[in-house]
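Working notes, beginning with the structure itself.
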Amino acid sequence: MWYLYGLAVLAGIGNAVQSGTNATLVKTLAQPFAAGLAVACVTGTTFLAVGLVSGRLSLPSAEQALQAPWWAWIGGALGAVVVLSQLFVARQIGAAPYLGILVTAGVATSILLDHFGWVGFEPHPAGLWRILGAVLMVAGVTLVAVT
C-alpha cells in the first residue's frame, strides 16, 4: 500500500502546482470562467485518455447510476469550487497561505467526516491527537499567512 501514500504526495504536489498554473491561465486569458472551462476540458480529456489507455473506462448502467445517494453526485460541483478558488484567490493571497488554508480546512472537515462516518466514510473517532493536530495546523497556517 506504500504506493497509495506516494500517489497522495504527488496529488498534494499537483494541487500546489495546479493553483499556480490555473491562476496564470486566468491572468493570461483575463476570463476566470473561460479558464475554469479550459481546466474542466483538460481534466475530462485526461480522464478519457487514461481510461482508454488503461482499458478501464466503462459507463455505468442507469440502474447503477440511480443507486448512488444524491450527495455522491456533488463531487464535481465541489471540485469546481476548488478550481474557482484557485482562479480567484490563490494568486491574490499567495501559494503558501492558499494551500495551507485549503489543506487545513480539508483536514478539519475530514476529522468530522471520519468521526461521524458521513458521506460514505467508515467512522474513526476524533480523539485528542487528531483534534490537537488540526489545532496545530490552524496555528501553522496562521503563521504562514501573516508573515
So if R0 is 25 Å, what FRET efficiency would Gln18 and Thr109 give, r being the distance between their Cβ atoms, rounded to the nearest 0.05?
0.80
Top mean-square fluctuation among Gly36, Gly51, Gly14, Gaussian network model of the chain, C-alpha springs under 10 Å?
Gly51
Summarise the accessible area of the chain (1.4 Å probe, protein heavy atoms) by the percent that is carbon and sulfur.
75
What number, rounded to the nearest 500 deg cm²/dmol, is the helix-based mean residue ellipticity at 222 nm of the chain, given -39500 (n - 2.57) per DSSP H run of at least four residues and division by all its residues?
-25000 deg cm²/dmol
With a ≥ b ≥ c the root eigenvalues of the C-alpha gyration tensor of the range 100-147, is it rounded (a/c under 1.5), prolate (a/b larger than b/c) or oblate?
oblate
Once the piece of chain linking Tyr3 and Leu143 is laid out straight, how much longer is it, given 0.36 nm per residue of separation minus the C-alpha distance between them?
47.2 nm
Contour minus Cα-Cα distance for Ala49 and Phe116 (0.36 nm per residue)
20.5 nm
Mean accessible surface per residue for the chain, computed with a 1.4 Å probe while every protein chain stays in place, in Å²:
72
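The values are calculated or read from the model by the stated rules, or taken from the named source; none is laboratory data. For clarity, every value in this text was computed on a predicted model and none was experimentally measured. Note that we place each Cβ from the backbone using ideal geometry, even for glycine, and neighbour counts take in every protein chain shown. SASA here: full protein model, heavy atoms, side chains in, ligands and nucleic acids out. Shrake-Rupley method; radii C 1.70, N 1.55, O 1.52, S 1.80 Å.
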